[in-house]
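The values are calculated or read from the model by the stated rules, or taken from the named source; none is laboratory data. In this text the structure is predicted, and so the values were computed from the model without any measurement. Here the Cβ is made from the backbone with ideal geometry for all residues, glycine too, and neighbour counts use every protein chain on show. These accessible areas exclude ligands, DNA and RNA; they are computed on the full protein's heavy atoms, side chains included. Shrake-Rupley method; radii C 1.70, N 1.55, O 1.52, S 1.80 Å.
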Amino acid sequence: MKTPCEPRPDLFRTPLQKSFYHNHHDIIGENILLSLRSNLMFFFAKFRRNIIILFLLFLSCITPSQALEKINQIDFLPSAQWQKTANFPNWLGRVDDTLALNSMVSFHFWHSQGKIYIKISDRVKKFNFYVNNSRIDTSKLNAGKIYAIDISDYAIDGINTLQISNIEPSNEKNSVSVFIPYPVVLNGTLENSGIRPETLSLISDIINSDVENGFPSAQLAVIRNGRLVYSNSWGKNINTNTLYDLASVTKVFSVNYAVQKLVTDKKLDIDTKISDIFSSLGRDWKSSITVRDVLYHRAGFPPEFHYHDKNYDISKLKHDSKAVNPLYTGIDGSDETRSKTLKAISKTPLIYKPKTKLIYSDVDYMLLCFIVEKIAGKRLDVYMNENFFRPLSLKRISFNPLKNNFSREDCAPTEIYGNTRDGNMTFNGIRTYTLQGEVHDYKAYHSMGGVSGHAGLFSNAEDIARLASVMFNGGYGEHKFFSKNVIDTFTSPQNNETSDYGTGWWREGEDKRMWYFGTQSSSFTFGHQGWTGTLVMIDPSRNLVIAYLTNKINSPVVKPYTGKKIFSGNWFTSSTLGFVPQILSIGMDSDKNVSEQLTALLADMAEDSIKLIPKGAGKNHPSVLNAKSKINLLMKKAQELKLNEYISEAEKLNRMVTR
């Protein structure tokens, strides 16, 4: 498009005229621009003060909502399961004598994110609208319309408050309706997360050093205040997309989630007797046992039972080549085998009177898997996909990943020698090849077809961390999963004596699980650990989720075989899981650099690692390699920070471990 003052080339009829125009037009234009720029610079220099004042006055006349277009009119409300809805005035449906609360509601959000929706009735003339003490301009809002309002400038971490006041006319009902979705997890950075970067640097260095000395691999994802602020991986052929066998972490992020949703949806009462759910098992079957008892690990079942082993001694609860297992159900994991397993569970001898003890049991969660499937009318993996994984847009989480578009290479290997412990364990049909993409747990694989409540779920750290974040408020975006009451019920302690157990969840309580969750975690912290080397912890008091996944047992078996610390990977610091939240919490929400403190802690860790070396251990024993890993890292850190005290300490410890 030509400017009004631009010559028209079509007026030049001869080639010479056209040539003259094209050769000189640019020069003329350039001279004009230079002259214009000179005049503008002179004008700005002379009237600079006046221009700035006028610009500031202009800004003061418009609100942030107008300037950034934070309010948009929409035709329809989204089809959503809201975190909260409220109709003003008097959103409780009555005039409460507290008075102040009639105009205010609170909800859970994270800083710098979030939309809320308001619907204004036809007769409303005006109202005042506040979010966290900031007034939102409503002068441009029209009666009878629906608006989406971006409140990211005002949102804070945790509890937020909304106020609707001075509605005119004041005697109308449902004058202004508010619809509030759930917050989501956004990608973020460590900056402004409150987590000291030097703590994660040390964690990374420890894992790297361990990997160099024989530890298999690891992944770590950290969510703080609604942001994924850290994601990393270590090990050969491992990246942040790699799926890990979660082992018993499956319990809380499959069955517990399913049960919590069924309770929220009023489809299940956890005080229901199991015999009322499975009438085919008989009315007299363990008649007092309820769903709650099974969730509490108080149902009387043994820690595990090998329904897949023909030669399982049910009186001694161990393999015996001469024994015959009357509750053997098969090893192919078929639907028929799963049905037989349910019947076998009903016949499994109890080892104590229900409700009198707490004994952690895989059998409990195998049974709970069948309970969920009975009530939901579909298999557990299908239910989780439909109700959690897809609504959350999780792409790297699955039961039976090799049957769900993942390859072996997408999964971290779990055990080199199948389930054999390098030939130290056997039963009919035992797998002897490297397990990669198949659930490691033999009960889940052979008896349950890879889909069970006690094991079977695979995920990367990022997806399981996002899934865990739902426990802060029960929803995500436009999806509601649990009520807050259900979350409180399931994460509260069973009683004073067992404060380390909630309803299925492991709890910190009073220093009850600090070797997993760290000494700095609040007593309300909850989560779970998995035998393959996995940990997910949730600390609501710090808006913190940590997902730390390893395949520590994918390592050689230590000889002689003792049944304790079977795998070499178990001897490394990286396998202990709890060292991650312990170190990560140092200096949290402080501006103080903690590098020197971390070096002092590393010196203690190096010295203590020597104390863990068993007598007679050779130089290639994993305990020795672990100690050397800590000592070498101490020397590196001390030299970087020029801390002579710790350089000397590293030299002393090195002499101790090498002599």
Notebook entry, point to check: Which option, [x] 28.1; [y] 29.1; [z] 25.6, is the value of Kirkwood radius over Cα pairs in Å that was calculated from these coordinates?
Noted result: [y]
Next item on the list: Output the pairs from Lys266/Lys340; Lys251/Lys512; Lys403/Lys565; Lys559/Lys636; Lys310/Lys378 with a Cα-Cα distance over 22 Å in this structure; if there are none, say none.
Entry: Lys266/Lys340; Lys403/Lys565; Lys559/Lys636; Lys310/Lys378
Next item on the list: For Lys119, go through the lysines and keep the ones whose alpha-carbon is under 20 Å away, minus same-chain ones fewer than eight residues off.
Entry: Lys70, Lys84, Lys140, Lys145, Lys173
Item checked: All aspartates and glutamates inside 15 Å of Lys395 as judged from Cα atoms, apart from same-chain residues fewer than 8 positions distant -> Asp381, Glu386, Asp410, Glu462, Asp463
Next item on the list: Rank by packing, highest mean first: peptides 299-308, 246-255, 556-565, 405-414, with packing defined as the count of other Cβ atoms within 10 Å averaged across residues.
Entry: 246-255, 299-308, 405-414, 556-565
Next item on the list: Treat every Asp and Glu Cβ in the chain as -1 and every Lys and Arg Cβ as +1, leave all other atoms uncharged, and give the resulting dipole magnitude about the Cα centre to the nearest 20 debye.
Entry: 440
Check: What is the distance in Å between the Cα centres of segment 238-267 and segment 307-326?
Finding: 31
Check: Per residue, how much accessible area does the chain have with a 1.4 Å probe, in Å²?
Finding: 48
Notebook entry, point to check: Counting only residues 5 or more places away or on other chains, whose amide H sits under 5 Å from the amide H of Leu457 once H atoms are built in the peptide plane?
Noted result: Leu246, Ala247, Thr250
Next item on the list: Report the relative contact order of the chain, percent, no decimals, based on alpha-carbon pairs under 8 angstrom and at least 6 residues apart.
Entry: 14
Item checked: Hits among aspartates and glutamates - C-alpha to C-alpha of Lys353 under 19 Å, sequence gap 8 or more where chains match -> Asp271, Asp284, Asp293, Glu304, Asp362, Asp364, Glu497
Check: When the Cα centres of segment 541-612 and segment 165-191 are compared, how far apart do they sit, in Å?
Finding: 43
Next item on the list: Treating each Cα of segment 332-415 as an identical point scatterer and ignoring solvent, apply the Debye formula and state log10 I(q)/I(0) at q = 0.12, 0.16, 0.22, 0.24 Å⁻¹.
Entry: -0.53, -0.87, -1.17, -1.23
Item checked: Ellipticity estimate at 222 nm from DSSP helix runs (n ≥ 4, -39,500 (n - 2.57)) divided over the chain, nearest 500 -> -9000 deg cm²/dmol
Checklist line | Counting DSSP beta bridges with both ends in segment 108-264, the antiparallel % (nearest 5) | finding: 95
Item checked: DSSP bridge orientation in the chain - percent antiparallel, rounded to nearest 5 -> 95
Next item on the list: Report the local net charge at Ile151: Lys and Arg +1, Asp and Glu -1, summed over other residues whose C-beta lies under 13 Å from its C-beta.
Entry: 0
Notebook entry, point to check: In segment 184-268, carbon and sulfur make up what percent of the accessible area (probe 1.4 Å)?
Noted result: 41
Next item on the list: Report relative contact order for segment 558-659 in percent, whole number only (criteria: Cα-Cα under 8 Å, sequence separation at least 6).
Entry: 24
